[in-house]
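Handing you this structure, nothing more for now.
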Amino acid sequence: MTILQHTNLNTILTVIYTFVDDFIKNVVHSVRFALTRPKQYAPPTRKHNLSIAELTSLAIFKFFTEHKSWKGFYEFIKTYHHQDFPHLPTYQNFLSSVNQLSAMAMMFLKGFMHVFKQHTAITEAKFADSTKLEVCHIKREFSHKVTKDFAQKSKGSMGWFYGFKLHIIANELMQILGFTITPANVDDRKGLQLIWKDIFGMIIADAGYLGKDIAQKASELGKILLAGVRTNMKKLMTATQYHLLKMRQKVEMIFSVLKMRMGLETSLPRSPLGHFAHYIWCITAYQLKKFLEFAQTKPLILSTKTPSFA
């Protein structure tokens, strides 16, 4: 049983805050408080003094409570954790600060991916894939205004959709080694090339990554790209290759956890930054969970003072 598998949400929140607070003290102690103050022309709001550690912890904790919206999560904290956060700001200030702190989430993600890459051997298989991030139903693509300057239309295995794509490379432990978010119409092979720079060895992908050019480029960069075959293709493969391609389903489990359990895919944000922040905080929460699971076998890497995590 891992640390974050406890059913007690208070325990989960305590674990998250302890880790976040240590990280900030040892790595980003120079960052100021993130909560914005009301502008002069805005109506007065209640005072608050949430630290960056408290706000970051709450942003990550949201994805362990199964709340689909930030509004529902805010009311949950306001009702059941009022004593822990007595100076909680208004909902508008809280959400604005969470969105602005997405840069902090990127710092965590960079640290997690650095650790996971260091502990993933070149001989270990890596898995690449992408998944849709739909921002609205395809029937509303022309009336959707929130991400109209960024989102695109594309066709996947389940039909047409409008939004973005999440491209990832993961190892056998389902730890994300690299990721990027692109408009939906970006080719999977292009998305892979955006994130494979520091990843070597064998990368296993589905038939969407087939192509002589990308296979040759991978070889030139010290990588081996093993892609599946389409149903209309006749191609022989060894038993080892077949086994490796079957293992690629691990990456589908990552998408399942992110979407079904943590609510990665959403149409609720009301700004492009809100969409981006939601995606980044969700992936950060997932990576923290995998990091703490991994740290149980290698407890020394929990120290944020270690060079590998800086």
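In nm, give the distance between the simple-model label positions of residue 26 and residue 106, each being 7 Å from the Cα along the Cα-to-Cβ direction.
Output for this residue pair reads 2.4 nm.
So, one more: Straight-line reach from residue 117: which aspartates and glutamates fall under 19 Å, measuring Cα to Cα and dropping same-chain residues less than 8 apart?
129, 172, 198, 293
In whole Hz and in residue order, list the ³J(HN,Hα) couplings for the stretch 252-264 that follow from phi through the Karplus curve 6.51 cos²θ - 1.76 cosθ + 1.60, θ = phi - 60°; x for Gly and Pro.
5, 5, 4, 4, 5, 5, 4, 8, 6, 8, 10, x, 4
Follow-up question, since we're still on this one. Filter 153/197; 25/298; 71/246; 25/217; 223/290; 212/289 down to the pairs with a C-alpha to C-alpha distance above 32 Å, please.
Cα-Cα > 32 Å for 71/246; 25/217; 212/289; rest within.
Near the amide H of residue 199, under 5 Å away, which other amide H atoms are found, from residues 5 or more places off or on another chain, if H is placed in the peptide plane?
Excluding prolines and chain starts, which carry no amide H, there are no hits.
Are there trypsin sites (Lys or Arg not before Pro) in the stretch 50-88 that DSSP marks as loop and that have at most 16 other Cβ atoms within 10 Å, and which are they?
Answer in residue order: 68.
How much length is gained if the chain between residue 261 and residue 142 is pulled fully straight, taking 0.36 nm per residue apart and subtracting their Cα-Cα distance, in nm to one decimal? Display every interim value, and only then the final one.
Values: separation 119, 0.36 × 119 = 42.84 nm, distance 2.95 nm.
Roughly 39.9 nm would be gained on extension.
How much net charge surrounds residue 99 when only other residues with a Cβ under 15 Å from its Cβ are counted (Lys, Arg +1; Asp, Glu -1)?
Around residue 99, the surrounding residues sum to +3.
No value in this document is a laboratory result; all are computed from the given coordinates. Remember, it's a predicted structure, so these values are computed and weren't measured experimentally. Heads up, the Cβs are rebuilt from the backbone with ideal geometry, glycines too, and the neighbour counts pull from every protein chain shown.
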